[in-house]
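Notes follow the structure.
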Amino acid sequence: MFDAKYPFISAYLKGEEAKIITSEHVNSMSTASNIQDALGAIRETDIGSYFEELDAKSFDDVDGYLWRYFAQRINYIDSFKLLPEDILKISKAYLAKYDVLNIKATLQNISTGKKSHMIPIGIIHNNGLLNKLSAAQNLDNITKILTRCKLGNYIPALEGYATTGETKSRFLAEAKLDSEYYKNLLKIARDIKDGSILSKAIGLSIDMANLQVVSRAIIEGMGLNATAYTFPEGYTITNKVARELLSCKLTELPQRLESAQYQYVAEEILNSYSKTNRVTAVDEIIDKYKFSLLKEMLSPRVLSPLVMVWYLILKEFEMRNLRLILKTIADGIPMEEIKEYLVL
């Protein structure tokens with residue numbers, strides 16, 4: 001049956017999509033000599049109008065305000081009386097990624113003894129327990145918070161970390177947390193409108209994550225040890241396929257991939273790494289092609305929960321770009337040096 005709520009939310013979110021930062025705005029910001037001038041160049045965008053009423057002088061100011069902005073946008077949309085139930089479900093499931101990021105930050109706190117930045121978004125934050133999570137001294141403290149927030153499904157991912165606390169153990173726990181997040185997101189996708197399309201989009205995201213792990217592992221000489229950090233839920237690059245790919249050289253990787261799209265991504269990784277000799281080139285290229293693939297799949301969808309998924313992805317990349325631009329300006333680095341890292 002047709003849900004009359006979908007035309008409203010589709011029109012609203014597509015209208016918001018028209019207010020994001022574009023390549024033209026980036027060109028305008030490239031001539032700015034300070035953060036305030038850069039923000040002035042985007043005043044007609046939604047995020048720019050938000051900053052007009054704030055006194056953001058340093059990058060740390062900007063970073064804090066950006067997360068508040070994102071949280072406000074999500075809370076505002078979630079408060080709509082005409083919001084379809086499926087959109088609320090997928091919004092909450094998608095944003096659990098920030099709970100995962102905050103759990104990872106806490107593991108790093110325990111491992112290094114240094115406080116990591118916590119993101120004020122997610123179930124733990126909404127329950128008023130984010131500061132308590134940040135102050136957690138051990139795994140028992142974390143599990144109690146997860147239990148209170150009904151996030152107990154993430155607790156098994158932390159098993160094993162309790163006895164060692166070594167870097168390898170932390171990385172393994174982080175991979176298990178990500179895997180559980182993907183699993184939960186796929187479960188939600190099965191029960192919503194257009195869930196099959198969303199499941200494919202999630203699978204493609206996992207493919208990109210696995211290709212990222214494989215590429216970095218090959219460059220860093222990790223071999224089959226990196227299999228533990230891959231994800232089984234991929235659309236075509238499952239952890240079984242990833243294991244097979246880990247045995248090849250970076251020059252062989254494009255030919256070993258079945259998808260023509262993924263072959264092209266692997267070729268770009270190979271070319272970029274050959275020129276720069278930087279392993280971070282892998283992350284930059286994966287981000288760009290992940291965005292492109294998801295845009296192609298999700299952006300045209302209307303009258304569907306997928307409009308919310310695409311909106312969240314779009315806003316995340318907008319914030320990523322703005323953070324990179326403003327950090328560059330704050331550090332006095334020429335904009336030309338980072339333009340290729342922007343995802344537009």
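Just so it is clear, none of the values below were taken in a lab; they were calculated from the coordinates. Note that the structure is predicted; figures quoted are calculated from it, not measured. Ideal geometry is used to build each Cβ from the backbone, glycine not excepted, and the neighbour counts take in all protein chains shown.
Neighbouring Cβ atoms within 10 Å as the yardstick, rank MET222, MET118 fewest first.
Lowest count first: MET222, MET118.
Can you give the calculated 222 nm mean residue ellipticity of the chain, where each DSSP H run of n ≥ 4 adds -39,500 (n - 2.57) and the sum is split over every residue, rounded to the nearest 500 deg cm²/dmol?
Helices in the chain give a 222 nm mean residue ellipticity of -20500 deg cm²/dmol.
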message: Checking the table LYS249/LYS295; LYS89/LYS200; LYS92/LYS132; LYS19/LYS187 against a 23 Å threshold on Cα-Cα, which pairs fail?
response: LYS249/LYS295; LYS19/LYS187
field: Convex hull of Cα atoms in the chain, direction-averaged projection (nm²)
entry: 18.0 nm²
message: Please arrange LYS81, LYS183 by how many other C-beta atoms lie within 10 Å of their C-beta, fewest to most.
response: LYS81, LYS183
Set of lysines with alpha-carbon distance to LYS168 below 22 Å, sequence-local pairs under 8 removed: LYS97, LYS104, LYS114, LYS115, LYS176, LYS240
query: Among CYS248, CYS149, what is the fewest-to-most ranking by other Cβ atoms within 10 Å?
result: CYS248, CYS149
Cα-based Rg / Dmax (Å) for the range 1-61: 15.7, 55
